[in-house]
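The values are calculated or read from the model by the stated rules, or taken from the named source; none is laboratory data. Every value quoted in this text rests on a predicted model; they were computed, and no experiment measured them. Using ideal geometry, Cβ is built from the backbone for each residue, glycine included, and neighbour counts are taken over all protein chains shown.
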Amino acid sequence: MTKWAEEIDIDNVLPEYPRPQMVRGEWLNLNGLWDYAIRKMGKAEFSKYDGKILVPFPLESALSGVKKPLKPEETLWYRRTFTIPSDWQGQRILLHFGAVDWKTNVWVNGQHVGEHTGGYYPFTFEISEYLGDENNEIVVSVWDPTDSCGQERGKQALSPGGIFYTAVSGIWQTVWLEPGPKVYIKSHRLTPDLDNEKVSISIEIDGANKGLLYEATVSEGNNIVTSGRSRIDATLELKVPKPKLWRPDFPFLYDIKIELINGETVIDRIGSYFGMRKYSIGRDRQGIKRLFVNNRPLFQNGILDQGYWPDGLYTAPTDEALKFDL
């Protein structure tokens, strides 16, 4: 175990907001102790779970409390209950998974809400229609054949050795709930243009969108740098005069607020950030092709960090541990 393992609070595991590039004000962390069971594939009904697992640490990790392998012919099951905050009533409820390795199925209150395949991407299900008034149940199944199926797996192996390491199965990033309005910002894209001192913004929304606008405000600390409005189906370009540049030794970030507007009423709001920087390929003074950052060559010294934690495998025990590693 690393020294950070002792700092884990099982009632408040990885409490940091899990999506810093798209922040909303309210959310509910579902990390912590869940029921778990390992069963032969096809056995979907059973009366008793095997014990507790600490989410979001992989099944095979010491921090999960289980530290068992998952065989290709087996399925990993999770279960927990939750209660929706009373002030979320009437809103759309989104269930987010930061990452689950590998093929995932999710049920809420006995009803199948969705499936996802892939171990490295976040995914979301809207679960509003499946919820009860008070206690609700989530059940998750995961099948992960690792290196026996040809899936993307990094350096995972069922039989570790050489440059291949312990398999990572199941939930390994934060699970969380979020309320949203009937029409909400589903995603956004921020594209800096250093040469023209501007940033381009576009959004994708979920829900009826007739007549809606969005407004973006760029700030540096408490000072507004620029702002503007656009139709939701158009790209908004904002000038960033005399921008502070992002570079590896000075990673300056601008804050941005994006609001979805119906008439003059703000119906959704997210916060994000971006750096004014440019990547390109150019030739140095000797005519050799180099990576350029902000129109200048950048010397790179590649250091390999495998990214495996001795106690959490893919999942760092705390954010402080990640900071130390960096």
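Hey, among the residues in the stretch 180-194 that are out of contact with any Leu (no Cβ under 9 Å at 6 or more places or on another chain) and assigned to a strand (DSSP E or B), which one's farthest from residue 263 (Cα to Cα)? It comes out as 193.
The residues of the stretch 16-41 that are within 19 Å of residue 122 (Cα to Cα) and either in a strand (DSSP E or B) or in the same structural domain as residue 204 (by TED's automatic domain parsing) (or both), listed by number, are 23, 28, 29, 32. So for the stretch 287-308 (the condition being hydroxyl-bearing (Ser, Thr, Tyr), surrounded by 12 or more Cβ atoms within 10 Å (Cβ to Cβ) and either in contact with a His (Cβ under 8 Å, 6 or more places away or on another chain) or not in a strand (DSSP E or B) (or both)), does at least one residue qualify? Checked the stretch 287-308: at least one residue is hydroxyl-bearing (Ser, Thr, Tyr), surrounded by 12 or more Cβ atoms within 10 Å (Cβ to Cβ) and either in contact with a His (Cβ under 8 Å, 6 or more places away or on another chain) or not in a strand (DSSP E or B) (or both). When the stretch 128-152 is limited to residues that are touching a strand residue (DSSP E or B) at 6+ places or on another chain (Cβ under 8 Å) and free of Cβ contacts under 8 Å to residues at least 40 places away in the same chain, the one that is surrounded by the fewest Cβ atoms within 10 Å (Cβ to Cβ) turns out to be 147.
A residue that is of a type outside the set (A, V, I, L, M, F, W, C), within 20 Å of residue 99 (Cα to Cα) and in a strand (DSSP E or B) occurs somewhere in the stretch 42-62. Restricted to the stretch 309-326, and to residues there that are aliphatic (A, V, I, L, M) and assigned to a loop (DSSP other than H, G, I, E, B), the residue that is surrounded by the most Cβ atoms within 10 Å (Cβ to Cβ) is 316. With respect to the conditions (1) at pLDDT below 95; (2) of a type outside the set (Lys, Arg); (3) within 20 Å of residue 319 (Cα to Cα), residue 46 lacks only one, and its number is (3). Of the residues making up the stretch 234-253, none is buried (at least 16 other Cβ atoms within 10 Å of the Cβ), within 25 Å of residue 126 (Cβ to Cβ) and in contact with a Gly (Cβ under 6 Å, 6 or more places away or on another chain). Among the residues of the stretch 156-179, the ones that are assigned to a loop (DSSP other than H, G, I, E, B) and aromatic (Phe, Trp, Tyr) come to 1 in all.
For (1) surrounded by fewer than 16 Cβ atoms within 10 Å (Cβ to Cβ); (2) in the same structural domain as residue 53 (by TED's automatic domain parsing); (3) not polar (S, T, N, Q), each residue gets a yes or a no:
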| position | (1), (2), (3) |
| --- | --- |
| 188 | no, no, yes |
| 192 | no, no, yes |
| 202 | no, no, no |
| 208 | yes, no, yes |
| 212 | no, no, yes |
| 215 | no, no, yes |
| 221 | yes, no, yes |
| 226 | no, no, no |
